[in-house]
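One structure below.
The values are calculated or read from the model by the stated rules, or taken from the named source; none is laboratory data. If you're wondering where the values come from, they're calculated on a predicted model, not measured in any experiment. Here the Cβ positions follow ideal geometry from the backbone for every residue, glycine too, while neighbour counts run over all protein chains shown.
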Amino acid sequence: MNITNETVLNYAPDSAERADLRAALAHHAGLITEIPLVIDGQRLRGSGAQPLCAPHDHRRQLATVSQAGPADVQRAIAAAVAAQVEWAAMPFDQRAAIFLRAADLLAGPWRQKLNAATMLGQSKTAYQAEIDSACELIDFLRFNVAFARDLMQQQPISGPGMRNALDYRPLEGFVYAVTPFNFTAIAGNLPCAPALLGNTVVWKPAFTASLSNYLFMELLEAAGLPPGVINFVPGAASSVSEAVLDAPDFAGLHFTGSTEVFDALWQQVAQRLPRYRSYPRLVGETGGKDFVLAHASADADAVAVALLRGAFEYQGQKCSAASRAYLPASLWPKIKARLLDDLATVRMGNVEDFSNFMGAVIDRKAFDRIAGHIDRARADGHRVLAGGTYDDSEGYFVKPTVIEVDDPQAVTMREEIFGPVLSVMVYPDHTWSEVLTTVDTTSPYALTGAVFANDARALAQASARLRFSAGNFYLNDKPTGAVVGQQPFGGGRRSGTNDKAGSMLNLQRWTSPRTVKETWVPAQDYRYPSMR
Ligand code: NAD
């Protein structure tokens, strides 16, 4: 495979990319974007509309988002089903060219449009937007083409007198892509990965990510995606899903979001199973309670930096964000001092001020949930070492919070909070082996985890004992920042089906191969020699 990851631009003062991004942000000043549904290439207004505001400035309306009604959903399903005939028949290279062109457009003239929309709509800093809506999405588009080619090269052997082949058909029906707010790259990848393999898609974006997601839909159209292949259907999540899952042509779900919602969708599918033409493929990447475990031999500064970046970048709203840490008593004073010193310098605020390291959490619901966790931890007697305050007067701001707990089963050590809250438990150095069991058994999730140690035996022990505790396992690095093509992403247990977005394993789920055998000289006699 001859592709490299998209280079991350650094946005230093006086850089060309910084000026371009500033201009793209300025374009939105005073602008309220009308976001329609896009069904069969047509712009539709749906059955209502909702205002979308910036999380860091909730008085600033960015867009008005049309909401699909039941008739729109039926229209989207019909469009997807109708478009599949021609789309599936299109030679792979021509389909692939559309996505490669989309990648080049995103790497070039569309880059700052998508970055600005991701910053404003999802409250990402310039750097967090760049690694998401530019680099990761470009990588998904390019690498998936290469992975799909590799997949289709997997062919059976052909003995003498015959030809055997696998015909990589799409699923029969349409795929439903339900995407999360926190990564524009994931939102783009979930509809595009199945579409690359000849599937057509009904895409329901997360409301709070509608601005960047709609721009990506426009980018796909600019790249030549035919009408009806991906149908963009924002709307009330449960009613859109009910209508989609009722359709006999529903053939697959490509989901990323919370465990609770994926469970509900799976159950709805199970209840309707007999009505579907095929067994639907269900792919879901869900929640996490990602850990950092340090051994007494670890580098304390490296642990402190990993905790700060891993727990607080993008306000702790990465599925991979560190949210529980297990630190040895001998290193704790040093880790704590460095972490608290660094946190004292962290700036949080409007993401258009580039000196900020953090923006706001995504919406009122998230703000209330996170604030509730902090209050409850305090009421339960846990020690708040940093942060612990929140303010929604301008935007949904929650200070990066570090909570020290003595009880390894404390709520904040077990439940996904999905915000800038890190819980720390300090353990006596000699209890390393017990702590490995605690890390493995505390949470139902198994998404990401990181172990820091300079003693190679400790790394080996942790690797073995925590083999099923994380789908993405890091040694001496933070648990966030997976790169397409380098660290295929996904977790087990209650963190999802672990189909590894950004790898051939994921693409395999979107194809239903037909085996073909062709015989050159067919038999002319039914009798076998043994019968003589
Ligand atoms: P969410 O579950 O609230 O929403 C995800 C999507 O599901 C959105 O499009 C939403 O509108 C839709 N949805 C919500 N309720 C629904 C319902 N009743 N029926 C049908 N659809 C419904 O998640 P979120 O807040 O967007 O994202 C945060 C969650 O996503 C966290 O739990 C995080 O861990 C997880 N996540 C996981 C990964 C991963 O790779 N494992 C990546 C990103 C996010």
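Observations
- Residue match in segment 82-103 (condition: free of Cβ contacts under 8 Å to residues at least 24 places away in the same chain and of a type in the set (S, T, N, Q)): yes
- Filter result (within 12 Å of the ligand (Cβ to nearest atom) and either over 19 Å from F262 (Cβ atoms) or without any contact (Cβ under 8 Å) to a residue 40 or more places away in the chain (or both)) within segment 142-184: T184
- Meeting the requirement of 2 or more residues that are at pLDDT 95 or above, surrounded by fewer than 23 Cβ atoms within 10 Å (Cβ to Cβ) and within 11 Å of the ligand (Cβ to nearest atom), the helices (runs of 4 or more DSSP H) wholly within segment 235-339 are 237-245, 259-271.
- Single condition V483 does not satisfy, out of (1) crowded, with 19+ Cβ neighbours inside 10 Å; (2) under 23 Å from L190 (Cβ atoms): (1)
- Every residue from segment 262-313 that is free of Cβ contacts under 8 Å to residues at least 60 places away in the same chain and either within 17 Å of the chain's Cα centre (by Cα) or closer than 16 Å to S495 by Cβ (or both): D263, W266
- Conditions (1) on the phi > 0 side of the Ramachandran plot; (2) not assigned by TED's automatic domain parsing to the domain that holds I374; number of the one not met by G316: (2)
- One residue alone among V73, V38 is out of contact with any Gly (no Cβ under 9 Å at 6 or more places or on another chain), within 29 Å of D246 (Cα to Cα), modelled with pLDDT of 95 or more and crowded, with 21+ Cβ neighbours inside 10 Å, and that residue is V38.
- Qualifying positions in segment 340-355 - surrounded by fewer than 24 Cβ atoms within 10 Å (Cβ to Cβ) and either within 16 Å of the ligand (Cβ to nearest atom) or aliphatic (A, V, I, L, M) (or both): L340, L343, A344, V346, M348
- Note on segment 198-230: among residues that are in a loop (DSSP other than H, G, I, E, B) and within 16 Å of the ligand (Cβ to nearest atom), the one that is surrounded by the most Cβ atoms within 10 Å (Cβ to Cβ) is P205.
- Top-ranked residue of segment 96-121 - restricted to ones that are touching a helix residue (DSSP H, G or I) at 6+ places or on another chain (Cβ under 6 Å) and not hydrophobic (A, V, I, L, M, F, W, C), ranked as surrounded by the fewest Cβ atoms within 10 Å (Cβ to Cβ): K113
- Odd one out for L37 among (1) without any contact (Cβ under 8 Å) to a residue 12 or more places away in the chain; (2) in contact with a Leu (Cβ under 6 Å, 6 or more places away or on another chain): (1)
- Members of segment 456-491 that are over 15 Å from the mean Cα position of the chain (by Cα), within 15 Å of the ligand (Cβ to nearest atom) and not aromatic (F, W, Y): S469, A470
- Condition check for A193: among the hydrophobic types (A, V, I, L, M, F, W, C), closer than 30 Å to P513 by Cα and either surrounded by fewer than 21 Cβ atoms within 10 Å (Cβ to Cβ) or more than 11 Å from the ligand (Cβ to nearest atom) (or both): yes
- Subset of segment 3-59 [basic (K, R) and in a loop (DSSP other than H, G, I, E, B)]: R45
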